[in-house]
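Asker: Got a structure for you, written out below as structure tokens; questions coming shortly.
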């Protein structure tokens, strides 16, 4: 995929999330069980960056500590909802590959179910390098992605034609309303942990831990809908 096509998918995702923002936000009102164990990477007094923050729900993860939360997203409409729901945070409209913030500002960086929206290795490395730039040296980077290539559930959806495979690691996932009407189609990239580790290394990050997760518990690839990667800047 060339950069022009990749840029079209990024813009397509932005437009879709703007279109479906209220409906999407309703499905993301609460934290997934897979996210709850990840709060341990932020401590009292930390500056925390949430890349691809959506409606800002990750604020719930830090309810037990006092953090300086900054959320970044490319969807204007999701940021409207984030500001309304979690007004204590600071929110910035930006692409995760180019965030208008100073170097080494954050004690922890989170990127939840967002990196997989970037096509191509070059774009993914660019985003990871931006995370490293924004993080303090040695800070944790908590990155989650959908397990599209190895989970039984994802593979079944692909076989049934619910999700469309358009390249070796490229997928289109529709967003449907409660009546089953397709309101938009989103681009996803399917990672493996080997690929994520290689991307991290090229971005100058160290891999601390990687695992598949289901309902907050570590599990095998076939059973885990989510992939959790902990990197260090």
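Asker: Just name the residue that is modelled with the highest pLDDT out of those in the stretch 29-41 that are surrounded by fewer than 17 Cβ atoms within 10 Å (Cβ to Cβ) and touching a helix residue (DSSP H, G or I) at 6+ places or on another chain (Cβ under 8 Å).
Answerer: My answer is 36.
Asker: Kindly indicate whether any position in the stretch 141-164 is modelled with pLDDT of 95 or more, assigned to a helix (DSSP H, G or I), surrounded by 15 or more Cβ atoms within 10 Å (Cβ to Cβ) and in contact with a helix residue (DSSP H, G or I) (Cβ under 8 Å, 6 or more places away or on another chain).
Answerer: no
Asker: Determine whether residue 15 is in a loop (DSSP other than H, G, I, E, B) and either touching a strand residue (DSSP E or B) at 6+ places or on another chain (Cβ under 8 Å) or without any contact (Cβ under 8 Å) to a residue 40 or more places away in the chain (or both).
Answerer: Details: in a loop (DSSP other than H, G, I, E, B): no; either touching a strand residue (DSSP E or B) at 6+ places or on another chain (Cβ under 8 Å) or without any contact (Cβ under 8 Å) to a residue 40 or more places away in the chain (or both): yes.
Against the criterion (in a loop (DSSP other than H, G, I, E, B) and either touching a strand residue (DSSP E or B) at 6+ places or on another chain (Cβ under 8 Å) or without any contact (Cβ under 8 Å) to a residue 40 or more places away in the chain (or both)), residue 15 does not qualify.
Asker: Now for a different question. Among residues belonging to the stretch 196-219 that are out of contact with any strand residue (DSSP E or B) (no Cβ under 9 Å at 6 or more places or on another chain), in a helix (DSSP H, G or I) and touching a residue at least 60 places away in the same chain (Cβ under 8 Å), point out the one that is farthest from residue 142 (Cα to Cα).
Answerer: In the first step, residues of the stretch 196-219 are kept if they are out of contact with any strand residue (DSSP E or B) (no Cβ under 9 Å at 6 or more places or on another chain); the result is 198-199, 202, 204, 215-217.
Imposing the further condition that a residue be in a helix (DSSP H, G or I) reduces the set to 198-199, 202.
Filter again for touching a residue at least 60 places away in the same chain (Cβ under 8 Å), leaving 199, 202.
Values: 199: 14, 202: 17 Å.
Selected residue: 202.
Asker: Taking into account only those residues within the stretch 52-66 that are out of contact with any helix residue (DSSP H, G or I) (no Cβ under 7 Å at 6 or more places or on another chain) and either within 27 Å of residue 17 (Cα to Cα) or not in a loop (DSSP other than H, G, I, E, B) (or both), which is modelled with the lowest pLDDT?
Answerer: Only one residue tops the list, namely 63.
Asker: A further question on this structure: Residue 98: exposed (fewer than 14 other Cβ atoms within 10 Å of the Cβ), on the phi < 0 side of the Ramachandran plot and in contact with a helix residue (DSSP H, G or I) (Cβ under 8 Å, 6 or more places away or on another chain), yes or no? Reasoning before the result, please.
Answerer: On the way: exposed (fewer than 14 other Cβ atoms within 10 Å of the Cβ): yes; on the phi < 0 side of the Ramachandran plot: yes; in contact with a helix residue (DSSP H, G or I) (Cβ under 8 Å, 6 or more places away or on another chain): yes.
Here the answer is yes, as residue 98 does meet what is asked.
Asker: Give 103, 44 a once-over and let me know the one that is within 25 Å of residue 229 (Cα to Cα), surrounded by fewer than 16 Cβ atoms within 10 Å (Cβ to Cβ) and touching a helix residue (DSSP H, G or I) at 6+ places or on another chain (Cβ under 6 Å).
Answerer: 103
Asker: Can you tell me which of (1) assigned to a helix (DSSP H, G or I); (2) touching a helix residue (DSSP H, G or I) at 6+ places or on another chain (Cβ under 8 Å); (3) buried (at least 20 other Cβ atoms within 10 Å of the Cβ) is the one residue 130 doesn't meet?
Answerer: The failed condition is (2).
The values are calculated or read from the model by the stated rules, or taken from the named source; none is laboratory data. Since this is a predicted model, take the numbers as computed values, not measurements. A quick note on method: Cβ atoms are made from the backbone with ideal geometry, for glycine too, and the neighbour counts reach across all protein chains shown.
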